[in-house]
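We did not get these values from a lab; they are worked out from the coordinates using the rules stated. All values reported here derive from a predicted model rather than from experimental measurement. Ideal geometry is used to build each Cβ from the backbone, glycine not excepted, and the neighbour counts take in all protein chains shown.
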Amino acid sequence: MPTSPNKQWSTEVEKGEGLSSQDGSYGLEIVPLQRGDLWKVSQSWIRAFKDDPFLEYLRADAPRPPEWRERTAYTTAFALWLNTDKVMLTIDGVALLLVNKPGRRSQIDVGFDNLGGFALAFNDGVKTKEQLKRMREAQAKIAPAMDSAIPPSEREKMYYIDGIGTDPAYQGHGFGSMLLQAITERADEESRSCWLASSNVANDGFYNSHGFFAAVSFFVGDENPECSKKPVLLQIMVRKPAMKADQTPSRVDCNGALKARIAFSTPFRLRLQR
């Protein structure tokens, strides 16, 4: 099988004067996800989305599966996606970014993508009647909302942020910003827009700070009498390409690898052991 494009997407974040701890300056590296990191990054991902309102709504008050089973499901899905054109970037296995690049995906890529989705779908076991009803509701609302926000022909030209998450133990240190900035800089160089679907209003400030704003908003659970919690707001968010005057341009080498130099002004007080 040919080398995954993910392995050709090598992003290096080099230390700057603002990237420091109490004892000195450290460099943090953003790298393509490797198979050796799958088990660790799966745990980080599960913890990052443990209280996601949309996932909780779809679970319909059913008990969570054991963590080992969840990790196995996500490890399987991520391993399958490594064989596709999906970009998967990580920082030491504690933060992960999933991105679909612009362009029409091949049937092979879509097939592996769907297999990963099936692995996750069966993670909870046999779906209850209520879970199936909520899944159908979400599917019926998400597709038209996406088309309303961004026509399919336009989505093919954009970077899609399929997911981004950081282990809660490492949140608040800028890992998510570093990962997202690596992609948005690439998009700016290519004058492309980016889009994502947000299921947690608590993340609005984070996405807004990176230029993502809601194009379409809608609720799930607002017409479900079986739902004991408040409806969940979902948002299709879009980021237009922009290049700040004070931003150091990134460099794309001949094989398409992105070399990004990013300076941080916020003190960094956590050193990762690699």
Response to the item:
Distance in nm between Glu154 and Gln34 label points, each 7 Å along Cα→Cβ, equals 4.1
Worksheet item: Contour minus end-to-end for Asp204 and Arg136, with contour as 0.36 nm per residue of separation and end-to-end as the Cα-Cα distance?
Response: 21.9 nm
Discussion item. Please compute the volume of the convex hull spanned by the alpha-carbon atoms of the range 74-172 and report it per residue in Å³.
Written reply: 143
